[in-house]
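Have a look at the structure below, then the notes.
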Amino acid sequence: MAQCPVNSCEICENSIGRRFCMDCEQLFCKSCEISHLKTKSCVNHVFKDADKANPEVKTPICKQHGEKYTYYCNTCSSLTCNICLPTTHNKHDFCLIDAAASKTRSVLDREVKVAEDRIRRAKEKVVSFRLNLNNFEDEADNTKTDIAERVAVITKALNDTKDSYFKSIDEHKSKESSKMKDEIDKIENTIAIENDIQSLNQMKSLIDGQNDIILLDLFSDFTKTLKELSLLDIFDKESTAKAKFFPAAAKSGTIEKLIGSIKLVEFSGAEVKPNIKVGDRVRVKSSVKKPTLGWGPGVSHKSIGTVVDIPSNTSGLIHIKFPSYSCWEGYINEMELV
């Protein structure tokens, strides 16, 4: 089993350093702690248990002079020691570290809360997106099912119509074919074609010949034959049964009108707004050909301005002070930090 390292007291170096002075940043044994607190200059020093104080983390000191930092220069936004202050930071705006830290804590506390709120909203957005994703995928699958069912209904209707047409055609074919066959039999039974042709040829021979006696003798038979042939006149008018198909005109979109239409909406994603705040120096993004609300006098892609206001009750609006136009207004997602 691994053991935690044991550090010695940095004062006597004989006992275990179980206590840590937050001001001196040194490990003390209990005896040395008592002696340390009796010293007038150290009477207000704060001690903590070493295992809770994290003694590995040391407060930085001035690298140039090896002194503790005692002031904060607001002009340079940097820590300074007693030696640096009157030289490097002469006439600068400065304050004690406690005052600067108090102000910084207030700012950080506010920013941390804002960041935590952003994380919370981002997590909520992820949950919302996942829910929307599941709903979308289910909707897409259901849409395909609906289309398949609709096509099945139409296919069944088409097949039923086809079967109905085929049945009507088959019935019509059978009926009319029977009628036409009967008509053919009727005509063929009305005359004896070979005998009639022979009789006609005999008539023609007698008409052209000189034997008047035979002609007159057979005249009654010829008359009877010609009368029978006169019945063929009733078959002159021909009536033909028909079975035709006339396809409907295939107009554009006919199938879509039968099945229906679909609507596909693209996912636009979450809008990521730039982390711009009041006081930042910004310019119009090079990817923005022209700001939504226009350029304004003297404003271009090269113009750099300062953010003066970001109204919370507007949809992404931002107010910027440019050198050539002090009351410029645009959208924050069209700007970038300089």
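The values are calculated or read from the model by the stated rules, or taken from the named source; none is laboratory data. Every value quoted in this text rests on a predicted model; they were computed, and no experiment measured them. Glycine also receives a Cβ, built like all others from the backbone with ideal geometry; neighbour counts cover every protein chain displayed. Ligands, DNA and RNA are excluded from the accessible area calculation, which covers all protein heavy atoms including side chains. Shrake-Rupley method; radii C 1.70, N 1.55, O 1.52, S 1.80 Å.
So the values come out like this:
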{"quantity": "Cross-link reach list, lysines versus LYS181, counting only Cα pairs under 29 Å and skipping chain neighbours closer than eight places", "calculated": "LYS162, LYS167, LYS173, LYS224, LYS227, LYS237, LYS242, LYS244"}
{"quantity": "Relative contact order (%) - criterion: Cα under 8 Å, at least six apart; region: segment 55-104", "calculated": "31"}
{"quantity": "Extension gain from LEU96 to LYS321, taking 0.36 nm per residue of separation minus the Cα-Cα distance", "calculated": "77.6 nm"}
{"quantity": "Exposed-site-free run, longest, the chain (rule: GluC sites (Glu not before Pro); DSSP loop; at most 14 other C-beta within 10 Å)", "calculated": "68-237"}
{"quantity": "Folded to 0 to 90 degrees: helix 219-230 orientation relative to the chain principal axis, Cα", "calculated": "10"}
{"quantity": "Segment 1-135: relative contact order in percent, alpha carbon pairs under 8 Å with at least 6 residues between", "calculated": "13"}
{"quantity": "Accessible surface of CYS12 - all protein chains present, 1.4 Å probe, nearest 10 Å²", "calculated": "40"}
{"quantity": "Positive-end extreme of charge dipole, the chain - chosen from THR155, VAL307, SER220 (charges on Cβ)", "calculated": "VAL307"}
{"quantity": "Relative contact order %, segment 56-150, counting alpha carbon pairs below 8 Å whose residues are six or more apart", "calculated": "16"}
{"quantity": "Shape category assigned to segment 1-148 from the gyration tensor of Cα positions, a/c cut at 1.5", "calculated": "oblate"}
{"quantity": "Segment ALA152-CYS42, extension gain: residue separation times 0.36 nm, minus the distance between their alpha carbons", "calculated": "30.5 nm"}
{"quantity": "Per-residue [θ]222 nm for the chain (sum of -39500 (n - 2.57) over DSSP H runs n ≥ 4, rounded to 500)", "calculated": "-15000 deg cm²/dmol"}
{"quantity": "DSSP-assigned coil residues among trypsin sites (Lys or Arg not before Pro) in segment 287-330, each with at most 11 further Cβ atoms within 10 Å", "calculated": "LYS289, LYS302"}
{"quantity": "Cα-centre dipole for the chain with unit charges at Cβ (Lys and Arg positive, Asp and Glu negative), debye to 20", "calculated": "3520"}
{"quantity": "Carbon + sulfur, % of accessible area of the chain - ligands and nucleic acids excluded, 1.4 Å", "calculated": "55"}
{"quantity": "Gain in span if fully extended, PHE219 to ASP138, counting 0.36 nm per residue against the direct Cα distance", "calculated": "19.4 nm"}
{"quantity": "Theoretical FRET efficiency, 1/(1+(r/R0)^6), r = Cβ-Cβ of GLU176 and VAL126, R0 51 Å, to 0.05", "calculated": "0.10"}
{"quantity": "Positive dipole terminus of the chain, leading residue within TYR325, ASN7, THR145 (C-beta point charges)", "calculated": "ASN7"}
{"quantity": "For the chain, with +1 on Lys and Arg beta carbons and -1 on Asp and Glu, the positive-most of VAL127, ASN201, GLY17 along the dipole", "calculated": "GLY17"}
{"quantity": "Proximal aspartates and glutamates relative to LYS38, as straight alpha-carbon distance under 16 Å, when same-chain residues fewer than 8 apart are discounted", "calculated": "ASP23"}
{"quantity": "Tilt relative to the chain, helix 97-190 - C-alpha long axis, 0 to 90 degrees, to 10", "calculated": "10"}
{"quantity": "List MET203, MET22, ordered by accessible area with a 1.4 Å probe, largest first", "calculated": "MET22, MET203"}
{"quantity": "Within straight-line cross-link reach of LYS125, lysines at Cα separation under 23 Å, skipping those fewer than 8 residues along the same chain", "calculated": "LYS113, LYS273, LYS277"}
